[in-house]
Amino acid sequence: MFRHATHYFVFEVENVNPTFPQWICVALANSPYTVCVFKKIKHVGRIYFVSANHQFVIENSKIMHHLAKYEVTLSQFVAKADEQSYPTALNAIRYTVCVTTQISTTRELNRTSPNNIAEQSTRYVNFGKRGGITICTPHWFACAHWSKKLLARFGWKMAEICYNVALHLGLPAQDARGFLPLDTASRVVYTYSVYEWRRIMALRLVGSTGKPHPNAKIAAQYIHDAILPAMRIFGGDKAHLTTAAAPAGSPSGE
C-alpha cells in the first residue's frame, strides 16, 4: 500500500562544483518507483523534478538523507514547473484511480500495469449484498440474445449457490472462492504517473499492440475520462493521455 502514497521533489544540480551527489540522480532515473526528469539551464546546470512513491522513500534512507530537504507539495511542484516553463515535469504527477469490474478484467489490466496495484481479496465479494455475490455484467450482455442472457444468469446463480453452500458447510471464504465465476465483481486501485498511464492507455484503450479486450477497453475509457480533467487542472486544455510519451526519466533537451 505504500506504493500509492506520493512524494515530490525539486532540486538543482550545478555544472561547476556540484554539491548534490550525482549518483543519486542516476538512482532516481533508474528506479521503477520514481519518475525523474530534468531541464537544462544554460551555463548553470540542471533542475530536476522527481516523483516517488512512499515505498522508495522508506527503503532508501541514504538517498533520502540528501533528498528530504528538497521535498515539495504538489502545488509547489506545479508552480516550479510553471516558473521554469517546463510542462514536461507535469508528466511526473501521479494519479490514483479505483476501479470496480470483473475479476477477469482486473487480470487483463494488471497484466500490463507497472507495479502500483492494490486489489481487493476475493475472500470479500458480496459488496454489502447479503447472502450472495455481486456480478459485473460483461460487455456483451446488454445486447445478447435472451438465450445467452439466460445461460449467463443460470451460471452465475449456480456459482452463487455453490459458494454459499460451501460457506454454510464450513469451508473458509479463502477456499470457497474457488466457486466464484470470473464475472464476480472485484475492486482494484492503481497509482501511476502520466507517463505510465499513457503506456497503459496505448495498450488498453488505443490498442497499439493489438485489439484490447472489450471489457478492458471499457475500464480504460472510464479511467481516461476520470484522469483527464484532473490533468487539465495543471496542464491546461493541451493535456492529453492517449498519445505516445517519452520514457520516464528522459531529458527534454530544453
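The values are calculated or read from the model by the stated rules, or taken from the named source; none is laboratory data. Everything numeric in this text was worked out from a predicted model, so none of it was measured. Neighbour counts are summed over all protein chains in view; Cβ atoms, including those assigned to glycine, are modelled from backbone coordinates with ideal geometry.
List of remarks:
- Residue count for the range 162-190, restricted to those that are in contact (Cβ under 8 Å) with a residue 24 or more places away in the chain and of a type in the set (Asp, Glu): 1.
- THR191 vs. criteria within 21 Å of PRO32 (Cβ to Cβ), in contact with a helix residue (DSSP H, G or I) (Cβ under 7 Å, 6 or more places away or on another chain), among the β-branched types (Val, Ile, Thr) and modelled with pLDDT of 90 or more: yes
- Pair list, Cβ under 9 Å, 6 or more apart: the range 22-37 residue in contact (Cβ under 8 Å) with a residue 60 or more places away in the chain, other residue among the charged types (D, E, K, R) and outside any helix (DSSP H, G or I): VAL35/ARG94
- Single condition LEU28 does not satisfy, out of (1) surrounded by 15 or more Cβ atoms within 10 Å (Cβ to Cβ); (2) touching a helix residue (DSSP H, G or I) at 6+ places or on another chain (Cβ under 6 Å); (3) modelled with pLDDT under 95: (2)
- Test: THR184 is surrounded by 21 or more Cβ atoms within 10 Å (Cβ to Cβ) and either closer than 27 Å to TYR124 by Cα or touching a helix residue (DSSP H, G or I) at 6+ places or on another chain (Cβ under 9 Å) (or both): yes
- Selection from the range 191-237 of residues that are among the basic types (Lys, Arg) and within 27 Å of ALA81 (Cβ to Cβ): ARG198, ARG199, ARG232
- Flag if GLU108 is acidic (Asp, Glu) and either in contact with a helix residue (DSSP H, G or I) (Cβ under 6 Å, 6 or more places away or on another chain) or under 27 Å from LYS217 (Cβ atoms) (or both): yes
- Of all the numbered requirements in (1) more than 29 Å from the chain's Cα centre (by Cα); (2) small (Gly, Ala, Ser); (3) assigned to a helix (DSSP H, G or I); (4) loosely packed, with under 13 Cβ neighbours inside 10 Å, GLY178 misses one, and that requirement is (1).
- Summed over the range 211-237, the residues that are in contact (Cβ under 8 Å) with a residue 12 or more places away in the chain, more than 18 Å from the chain's Cα centre (by Cα) and part of a helix (DSSP H, G or I) give a count of 3.
- When the range 80-116 is filtered for residues that are under 17 Å from TYR33 (Cα atoms) and either outside any helix (DSSP H, G or I) or among the basic types (Lys, Arg) (or both), the ones remaining, listed by number, are ILE93, ARG94, TYR95, THR96, THR112, SER113, PRO114, ASN115, ASN116.
- Cross-chain or 6+ apart pairs with Cβ under 9 Å, the range 105-129 first and over 24 Å from ALA5 (Cβ atoms), then among the basic types (Lys, Arg) and at pLDDT 70 or above: GLU108/ARG204; THR122/ARG177; ARG123/ARG177; VAL125/ARG177; PHE127/ARG187
- Qualifying residue in the range 53-67 (condition: in a helix (DSSP H, G or I), among the hydroxyl-bearing types (Ser, Thr, Tyr) and modelled with pLDDT of 90 or more): yes
- First in the range 196-210 and in contact (Cβ under 8 Å) with a residue 40 or more places away in the chain and farther than 18 Å from ASN91 by Cα, second anywhere and small (Gly, Ala, Ser) and assigned to a helix (DSSP H, G or I), Cβ under 6 Å, 6 or more apart: ARG204/ALA216; ARG204/ALA220
- Any hit, the range 127-146, residues being assigned to a helix (DSSP H, G or I), at pLDDT 95 or above and out of contact with any Phe, Trp or Tyr (no Cβ under 7 Å at 6 or more places or on another chain): yes
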